[in-house]
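> Please find one structure pasted underneath; my questions will follow.
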Amino acid sequence: MDALFPVVKCGLYVIMAVSLLAALAAVLLRNIFHAALAFMITLLGVAGIFIALRADFLAAVQVLIYVGAVVTLIIFSIMMTEGLNNKIARLQNRLSLPAFAVCMVLTGIMIELVQRTPWPKQNSLHYVPVTAARLGESLMGAYVFPFEIISVFLIAALIGAVVVAKKDKDS
Amino acid sequence: MMIPLEHLLIFSSLLFGIGIYGALMRRNLIGILIAIELLLNAANINLAAFSRFTSLEPDTGQIFALFIIAIAAASAAVGLALVLALFRVRKTVFSDEINLLKW
């Protein structure tokens, strides 16, 4: 385990770099379909980081819901709109330079704050991994009220999406 | 035992910055939705990292991340339905061509 540890660490940094590059590609690529595929690579990298943080259930949910459902939804709606055959369209709106400045300043401030804050460190020797069984118990115990709220919210959002997207009768 | 917490936080800050840039400057509405999903993913990384490194009760962060994933799925569904309805009416997916209510 200890001999393998530098390899694991390097692999984690490689995953982080690949996800950042894929996120940049998802934002900057002109072809929106390629951007959606790059977004999928970012999601898979984030799932790998979840596994490294011992959040196994979270990684599984990330792959199932994001890569399985959300990316499929995005690709379907790209195919239903004109997105693909329009190659000469401009990528950026006319406020892209101020937007770049704003997000550089914001990211710089956040990184500076992250480095200055003294984070409380838990002793990682007594860390008990969060299993799916423990998550389920606390989801049905302490967090049962937000769980019910989120299920009602989800069903309302999905019915609303169907109502908004369906065709009118007369057209 | 692991990589330091700060590196994960810096990674998620960079992801958040990329997402903000995409959401502000993209013209395609679906591109803006992809950027918003990137923002929610950056928040999820922070929650999982704090639940691993600093929290006394590690369940809480992961359950919050689960709720964020559910809300992200709902927002993607509603947002893409809005894009489809808009495309049916106005025949465009570009955010700066949708200026009917602009004075």
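The values are calculated or read from the model by the stated rules, or taken from the named source; none is laboratory data. Source: prediction; values computed, not measured. Methodologically, a virtual Cβ is constructed for each residue, glycine included, from the backbone with ideal geometry; neighbour enumeration extends over all protein chains shown.
> Would it be correct to say that B:Ile10 is within 7 Å of another protein chain (Cβ to nearest Cβ) and crowded, with 20+ Cβ neighbours inside 10 Å?
Working: within 7 Å of another protein chain (Cβ to nearest Cβ): yes; crowded, with 20+ Cβ neighbours inside 10 Å: no.
Taking the combined requirement at face value, the residue does not satisfy it.
> Quickly run through the range B:48-60 and pick out the residues that are part of a helix (DSSP H, G or I), more than 15 Å from B:Leu5 (Cα to Cα) and more than 7 Å from chain A (Cβ to nearest Cβ). Before you say what the answer is, go through the steps one by one.
Our first condition is that a residue be part of a helix (DSSP H, G or I); within the range B:48-60, this holds for B:48-53, B:59-60.
Subsequent filtering for residues that are more than 15 Å from B:Leu5 (Cα to Cα) retains B:59-60.
Scanning the range B:48-60 gives a single hit, B:Thr60.
> So, in the range A:90-119, how many residues would count as being under 20 Å from B:Thr54 (Cα atoms), surrounded by 11 or more Cβ atoms within 10 Å (Cβ to Cβ) and facing chain B (nearest Cβ under 7 Å)?
4
> Restrict the check to the range A:44-66 and report whether at least one residue is hydrophobic (A, V, I, L, M, F, W, C), within 29 Å of B:Thr92 (Cβ to Cβ) and modelled with pLDDT of 90 or more. Steps first, answer last, please.
Residues of the range A:44-66 hydrophobic (A, V, I, L, M, F, W, C): A:44, A:46-47, A:49-53, A:55, A:57-61, A:63-65.
Filter again for within 29 Å of B:Thr92 (Cβ to Cβ), leaving none.
For the range A:44-66, residues hydrophobic (A, V, I, L, M, F, W, C), within 29 Å of B:Thr92 (Cβ to Cβ) and modelled with pLDDT of 90 or more: absent.
> Would it be correct to say that B:Ile45 is more than 7 Å from every other protein chain (Cβ to nearest Cβ) and assigned to a helix (DSSP H, G or I)?
Working: more than 7 Å from every other protein chain (Cβ to nearest Cβ): no; assigned to a helix (DSSP H, G or I): yes.
For B:Ile45, the condition - more than 7 Å from every other protein chain (Cβ to nearest Cβ) and assigned to a helix (DSSP H, G or I) - is not met.
> Looking at (1) facing another protein chain (nearest Cβ under 7 Å); (2) in contact (Cβ under 8 Å) with a residue 12 or more places away in the chain; (3) aliphatic (A, V, I, L, M), which is the one condition that is false for B:Leu66?
Going through the list (1) facing another protein chain (nearest Cβ under 7 Å); (2) in contact (Cβ under 8 Å) with a residue 12 or more places away in the chain; (3) aliphatic (A, V, I, L, M), B:Leu66 breaks only (2).
> Return the residues of the range A:128-145 that are surrounded by fewer than 15 Cβ atoms within 10 Å (Cβ to Cβ) and at the interface with chain B (Cβ under 9 Å from one of its Cβ atoms); say none if nothing qualifies. Give the steps one after another, and end with the answer.
Looking only at the range A:128-145, we keep the residues that are surrounded by fewer than 15 Cβ atoms within 10 Å (Cβ to Cβ), and these are A:128-129, A:131-133, A:136-137, A:140-142, A:144-145.
Correct list: A:Val128, A:Pro129, A:Glu137, A:Ala142.
> Does the range B:22-41 include one or more residues that are buried (at least 23 other Cβ atoms within 10 Å of the Cβ), without any contact (Cβ under 8 Å) to a residue 12 or more places away in the chain and closer than 18 Å to A:Ser96 by Cα?
Among the residues of the range B:22-41, at least one is buried (at least 23 other Cβ atoms within 10 Å of the Cβ), without any contact (Cβ under 8 Å) to a residue 12 or more places away in the chain and closer than 18 Å to A:Ser96 by Cα, which makes the answer yes.
> Follow-up question, since we're still on this one. State the number of residues belonging to the range A:1-28 that are part of a loop (DSSP other than H, G, I, E, B) and at the interface with chain B (Cβ under 9 Å from one of its Cβ atoms). Spell out how you get there, then give the answer.
To start, the set of residues in the range A:1-28 that are part of a loop (DSSP other than H, G, I, E, B) comprises A:1-4.
Subset that is at the interface with chain B (Cβ under 9 Å from one of its Cβ atoms): none.
Selection size over the range A:1-28: 0.
> Taking the range B:73-100 only, how many residues are facing chain A (nearest Cβ under 7 Å) and without any contact (Cβ under 8 Å) to a residue 60 or more places away in the chain?
Within the range B:73-100, residues that are facing chain A (nearest Cβ under 7 Å) and without any contact (Cβ under 8 Å) to a residue 60 or more places away in the chain number 12.
> Restricting attention to the range B:54-76, which residues are surrounded by fewer than 22 Cβ atoms within 10 Å (Cβ to Cβ), over 21 Å from A:Glu137 (Cβ atoms) and out of contact with any Pro (no Cβ under 6 Å at 6 or more places or on another chain)?
Those that are surrounded by fewer than 22 Cβ atoms within 10 Å (Cβ to Cβ), over 21 Å from A:Glu137 (Cβ atoms) and out of contact with any Pro (no Cβ under 6 Å at 6 or more places or on another chain): B:Ile71, B:Ala72, B:Ala73, B:Ala74, B:Ser75.
> Restricted to the range A:49-74, and to residues that are more than 19 Å from B:Leu47 (Cβ to Cβ) and among the small types (Gly, Ala, Ser), which residue is nearest to the other protein chains (Cβ to nearest Cβ)?
My answer is A:Ala69.
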